[in-house]
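Reviewing the structure listed below.
The values are calculated or read from the model by the stated rules, or taken from the named source; none is laboratory data. Treat the numbers as computed from the prediction; the structure is a model and nothing was measured. Here Cβ is always computed from backbone atoms with ideal geometry, including for glycine, and neighbour counts include all displayed protein chains. Remember, those area values only see protein heavy atoms, side chains included, never the ligands or the DNA or RNA. Shrake-Rupley method; radii C 1.70, N 1.55, O 1.52, S 1.80 Å.
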Amino acid sequence: MASTSEDIEENIDENENTEKDPNEQESEEKDPNEQESAEKDPNEQENTEEGLNGGNHEEITPRTLETLPEEPSDLKNPDEVLVPTDLKAEIAANEILLTWGPPAGLSKHQVSYEVEWKKQSDSQWTKAITRDHKYLIKNLATETDYDMKVSAYEKIIDPQEPEDSEPEPEKEKKLFEHMTIFPENSTVSQVGSEVEAFTQRTKELAKIVAELERTLEYQKRLNKGEKIPKRLESKLNMEILKPVRRKDCPKRILFIITNDMFARSPQLKASARMQTEITRLFERDWKGEGDIVRRIRNGTRAQILNEFEKLRQRLDFDSHKMFICIILSYGNVEGFRTMDEEMIEYQEIFSMFNGSNWLHFSEKPKFFFIDVQPMKMERTGDYPQDLRVKELSEDEVEIRWKPPKMFQSSQLNYLVHCYRLNDQKVHTKTHELIAKKTSCVLDEMQKDVTYKISVWSIQATTQKKRGLPSQTKYTLREKVLAPVSERLTAKSTTYDTITIYWPLPLENRKPPYFAKYKEKTADSFKRTLLPPNETEVNQGHVLNFLKSNTEYIIRLFAGNSRILNEVKIKTLAKHQPKDLKAKHITPFEIELTWATPSVYLRGSYRYHVFYQMKNSTENSVVTLVEQHTLTDLIPDVVYTIWVTAEKDKFMGDPSDSIECHTPRCGPQNLQVDAHERSIRVYWDEAVVPAETESLSYRARLQNDNIRPIVGEVLPTPDAKYNYACYFRDLWTDTQYTLVITTVIDEGDWDPPTEVPIKTRRDPLVSDLEPHANNFLVAYSNTLGIEVGEKRLGGIFVPTLLELLRDYYETKNIVEIMDIVEDEVQIRSAVTGKIRKVISINTLLSRPMF
């Protein structure tokens, strides 16, 4: 307790008098009884200056201390003893936390403090020196009254540990120092050494058991939902014995990434608190001979990816059995932030270590444990920049943009969506395309319609969306044109003529007048003189000897000057079949229908059906009716088909062509039912050549990062479809390719039927799924949880480290993760906010450590 200034001056005078007469000081001897009472129990005086670390704590309530008479201090050479202010004590079981303020007038000076305490029944004080305004007294006897006092000294004194009595082992040696010494290595001496070692080990175990009991009591309080006292830190990572490793433990590669200092973001203090625990587990307790431990703290994006790449390219990992990566930083479900404020997407790391890119580790388990503090993303770097719209014609617009800042443009394509908005704000998609450059053209746009245009950045290899979209609204307006009476117009009335109409005022006529016209695909114009009607304003002229079913461009000139507008018009078709359609398509046949030409003479037409594959010669068949079935076709081929009509050996214009893609030789009426974790496929019998003797199927699912998943094809004669196949335990929100091979007469029909299928997104699963074999990913955003006014360390990674240390010999990683998820739920109840650990297990096996 604090002493009065008069007492302090008297003590200083007494000390000065004592130093002046050394003979008197040497002659003074203490009473033996007082010397024995001064000896203290070592267990009661082992104190450190660390924070409270668990135990069966009670709720702390500050209380005012009683002032006791101050005893003389034996601190050497104090300048001046001052009085600390606002001394308070906070009590928890067998520990007391003393706090105080600086002496009056010395708040900005460095001051040393002497802390003293003792039992009220004892006469000897225990002392300690500190420069802080708090001190923790540990290992006190429970239900015991203590006296405490704090003195301040303006002179700076180095902190020191409390003065302890002679240790217990030395006391025992004094008791037996006069006993007979037995020869070294004798039976009696060996027994004595073993007893001494056993006694020492028993004391260590007793301390550990006591620590475990305190931690268990503290955990019970957590389970009951009690709040953590403000000034007491939770002891979730308790001190335990170093485990004894098995001799046959597999070698591992351990990669630890911790970012707590950033270029602009605030320091992530919660990450720094885990450094000691991670170092202890992965570099001491859990590290075996041959393990490779690589740690990166506060690395840039380039440094981290470079270290991953160097690790992936090493070829000396044949004897290593597993890869473990821990990531602590700011982040979200897509990636984490590096020291230089860049982002690394988890998928970038997963793709580096999947089966196809890390062949030497393709069949071995890989574990990622990610604990990040949620952060606010900078939207300016996530989406395409400066989206602009430019009109090209009456129904075409050009979209231009700049690539997003956060992602490398060489790795991106762009997904463009265009929606038409009605009065009720209902979106109707009109365009969807993928652009490899930062521009595209949208055609067939309607006037006076509001369109919403969105541009997404997508990954070039997987077509997965990245970041956020850039959006804009645009309306095509009708342009103001001249009245019809002042414009050039045209009309085709036959298959070889076009009539043009144009105004010519009676005054200011400047002949000659002529028209220039050409086919749309021609290079040069033809010219014809237009003699004007001298008495009429509206002029009309006929252009003759034109090609049928051909589009022409027409311009009007007065002398060398062009007048009025340009027109485009198509001549009528000559004996052209109408409405050519493909009625039914199979791998080997296409059934066609069409209508007769506009000028129809019954029974006088012969039809020529032309069909052609790309880069091949055309084929034709002749029929007298308006339908035909093409046979002996090749599956999975695009055919271009058109029809012409012949009358009296005179060939008319061809019909509009159509393109027909014959399906692959395989299942008919293929139906796919995709769920979050499974896919069901149904189909009917394939259409095969007539001479086929046997027919069967093989089905598999493919993904670039895994080995194909083979499914069992089951005949279902009593069901709606002939065959069915089931695939289970799949990844959520993942693109697969279904491949069904048709086996005809014990031979594979090439090519097989391929259908892209994507599983549904599971809202309970994060985007962290690695999309590769032998992965387990566990993600949580519990790093840095709010408890009262302080932000404590996370509860996911500390719990994981503790359970890895406890169960690595008896349980596999999947079983440990099940326990971790339960523990996190229990411990997160302290904050009142339940934190869920998202664990994605795609392991093909369950390896034991």
For Gly711, distant residues with modelled amide H under 5 Å away: Ala699, Arg700, Leu701
Karplus-derived 3J(HN,Hα), 6.51/-1.76/1.60, for each residue of the range 489-495, Hz, glycine and proline x: 10, 8, 8, 9, 10, 9, 7
By average C-beta atoms within 10 angstrom, highest first, the peptides 124-131, 715-722: 124-131, 715-722
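At a Förster radius of 25 Å, what calculated FRET efficiency corresponds to the Cβ-Cβ distance of Thr85 and Lys119, to the nearest 0.05? Walk me through the numbers on the way to the answer.
Values: r = 26 Å, r/R0 = 1.05.
Once rounded, the FRET efficiency stands at 0.45.
Please report the net charge: other residues with Cβ closer than 9 Å to the Cβ of Glu519, K and R +1, D and E -1.
Numbers: positive: Lys518, Lys520, Lys547; negative: Glu551.
Charge balance near Glu519 sits at +2.
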Karplus 3J(HN,Hα) series, Hz, for the range 324-340 with 6.51 cos²θ - 1.76 cosθ + 1.60 (x for Gly, Pro): 10, 10, 10, 10, 10, 5, 6, x, 8, 6, 9, x, 10, 8, 9, 4, 8
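For the pairs Lys447/Lys518; Lys366/Lys811; Lys405/Lys437; Lys491/Lys578; Lys251/Lys364, flag any whose C-alpha to C-alpha distance is greater than 19 Å.
Numbers: Lys447/Lys518 29 Å; Lys366/Lys811 17 Å; Lys405/Lys437 15 Å; Lys491/Lys578 21 Å; Lys251/Lys364 12 Å.
Going by Cα-Cα distance, Lys447/Lys518; Lys491/Lys578 fall outside the 19 Å limit.
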Sparse-neighbour loop sites [trypsin sites (Lys or Arg not before Pro); the range 547-580; at most 13 other C-beta within 10 Å; DSSP]: Lys547
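Among 811-824, 436-449, how do they line up by average Cβ neighbours within 10 Å per residue, starting with the highest? Spell out each step's value before the answer.
Numbers: 811-824: 17.9, 436-449: 13.3.
Highest mean packing first, the order is 811-824, 436-449.
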Amide H partners (placed H, <5 Å) of Gln124, local residues excluded: none
Hydrodynamic radius of the range 684-782 per Kirkwood, over alpha carbon pairs, in Å: 16.0
Near-label residues of the range 642-675 by backbone N, under 20 Å of a point 7 Å along Cα→Cβ of Asp733: 674-675
Virtual spin-label span in nm between Lys614 and Leu212, 7 Å along Cα→Cβ: 7.2
Highest to lowest packing among 94-103, 688-697, scored as the average C-beta count within 10 Å: 94-103, 688-697
Between the range 565-641 and the range 676-701, the alpha-carbon center distance in angstrom: 32
Fraction of accessible area attributable to carbon and sulfur, the range 282-373 (%, probe 1.4 Å): 48
Theoretical gain in end-to-end length, Val622 to Asp684 [0.36 nm per residue, Cα-Cα removed]: 18.9 nm
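Would you tally the net charge around Thr629, using a Cβ to Cβ cut-off of less than 11 Å, leaving Thr629 out, and scoring K and R as +1, D and E as -1? Could the numbers behind the result be given before it?
On the way: positive: Lys583; negative: Glu589, Glu591, Asp632.
Result for the local shell: -2.
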